Amino acid sequence: MSGTSSAGSTPGTTGSASGGASSLAAVALQEQTPVLRPSTTTWRQALRRDWRLYSLVVLPLAFFLVFRYLPMLGNVIAFRRFRPGGSIFGDEWVGLRYVELFINDPLFWNVFRNTLVLGTLTLLIAFPMPIVLALLLNELRSRKFKRFVQTVSYLPHFMSIVIVAGMVLQLTSTQGTINQLVQLVGGDSIPFMQQAEWFRTVYITSEVWQTVGWGTILYLAALTQVDENLYEAARIDGANRWKQTWHVTLPGIRPTMITLLILNIGTFMAVGFEKILLLYNPLLYPTADVISTYLYRVGILSSNFSYAAAIGLFEAIIGLTLILSANAISRRAAGTSLW
């Protein structure tokens, strides 16, 4: 009996052992078998598949290549003497001669100071105004009045800069609308465009009038992304409209604000050339002449291309430094940046 039972138990034990060995062998085989992952798409496959989408970027890329990057080769004439009719890259190497010329030129530093002042005033006054207008429009309950204000504020952006400059000159002339209002209240007529101290006020006012409406579009779009539940939670906590704006609305549109601020800082030195050129005259040079208009007079009118190229390169380096610094500071301080 015992022999039978022990004999009977032997096959079961053997089967269990063989089953365990088979399982271990299967696991080992599975571990040794390479895992098949989906192959990454090459750029040729992506181009062949989505060529219609990629074709849309051909013209923008060609534009930037022809009108932005290729002209950078011309910066070499800042270090070479350029003569009309000679080589487009200059005839002889002069090193930093033109850089030393504008550094030792007191007129250039007056122009540089005017650029800094106008750029700072534009950044401090013209940049926040679209944010304020967007917040005010967001509080309006009347849709018709809101659309009316938006339409009126957008219109100046679509006007030609020549028309805007003509309107500004007409309004500020000695017999213009502004001086007529001044005379109505008993004041004397002011020659705004003949006194240098008035130019900055006129320029910043016209800049705000022309750009404030268009700038609100991005902020109004950003306001639509703010979660309404945050406002409801703020009201439950007893926050009034001002506190809701400060603690909910402004933090909600902060990424948009920072992105546009960085872009504005990048163009800090490129104060509006076209408008200033159309508005100013020799009487306004002490406060109205900026780097871009100075370059126009020196480079185009006086044909001193190498000197103008050196100043332009100096301005570009400052602009690049400003935008890189602003982006780095924003990334570290606010966690938002362009790249």
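Structure summary
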{"item": "Förster radius 25 Å - calculated FRET efficiency between Thr224 and Trp43 (Cβ-Cβ, nearest 0.05)", "result": "0.10"}
{"item": "Residue-by-residue Karplus 3J(HN,Hα) for region 196-213, coefficients 6.51, -1.76, 1.60, Hz, glycine and proline x", "result": "4, 5, 8, 5, 4, 5, 5, 5, 5, 4, 5, 5, 5, 4, 7, 10, 5, x"}
{"item": "Region 94-194, accessible surface, carbon-and-sulfur percent (1.4 angstrom probe)", "result": "68"}
{"item": "Portion, in percent, of the accessible area of region 221-302 that falls on carbon or sulfur, probe 1.4 Å", "result": "61"}
{"item": "Top of Arg68, Arg297, Arg113 by mean-square fluctuation, Gaussian network on the chain, Cα under 10 Å", "result": "Arg68"}
{"item": "Cα gyration tensor shape of the chain, rounded if a/c is under 1.5, else prolate or oblate by comparing a/b with b/c", "result": "oblate"}
{"item": "Contour minus Cα-Cα distance for Ala328 and Ser142 (0.36 nm per residue)", "result": "62.8 nm"}
{"item": "Between 0 and 90°, nearest 10: helix 305-333 axis offset from the chain longest Cα axis", "result": "50"}
{"item": "Nitroxide proxy distance, nm - points 7 Å out along Cα→Cβ at Thr120 and Trp339", "result": "3.0"}
{"item": "For Arg80, distant residues with modelled amide H under 5 Å away", "result": "Val94"}
{"item": "Reach of Lys243 by Cα under 20 Å, taken over aspartates and glutamates that are not fewer than 8 positions away in the same chain", "result": "Glu139, Asp227, Glu228, Glu232"}
{"item": "Crossing angle, helix 143-154 versus the chain [Cα axis fit, 0-90 degrees, rounded to tens]", "result": "60"}
{"item": "Theoretical gain in end-to-end length, Thr174 to Trp214 [0.36 nm per residue, Cα-Cα removed]", "result": "11.4 nm"}
{"item": "Nearest-0.05 FRET efficiency for Trp246 and Ile318, computed from C-beta distance (R0 35 Å)", "result": "0.50"}
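The values are calculated or read from the model by the stated rules, or taken from the named source; none is laboratory data. The model shown is predicted, which means the values in this text are computed figures rather than measured ones. So basically every Cβ, Gly included, is an ideal-geometry build from the backbone, and we count neighbours across all protein chains shown. Keep in mind that these areas ignore ligands, DNA and RNA; they rest on the heavy atoms of the full protein, side chains included. Shrake-Rupley method; radii C 1.70, N 1.55, O 1.52, S 1.80 Å.
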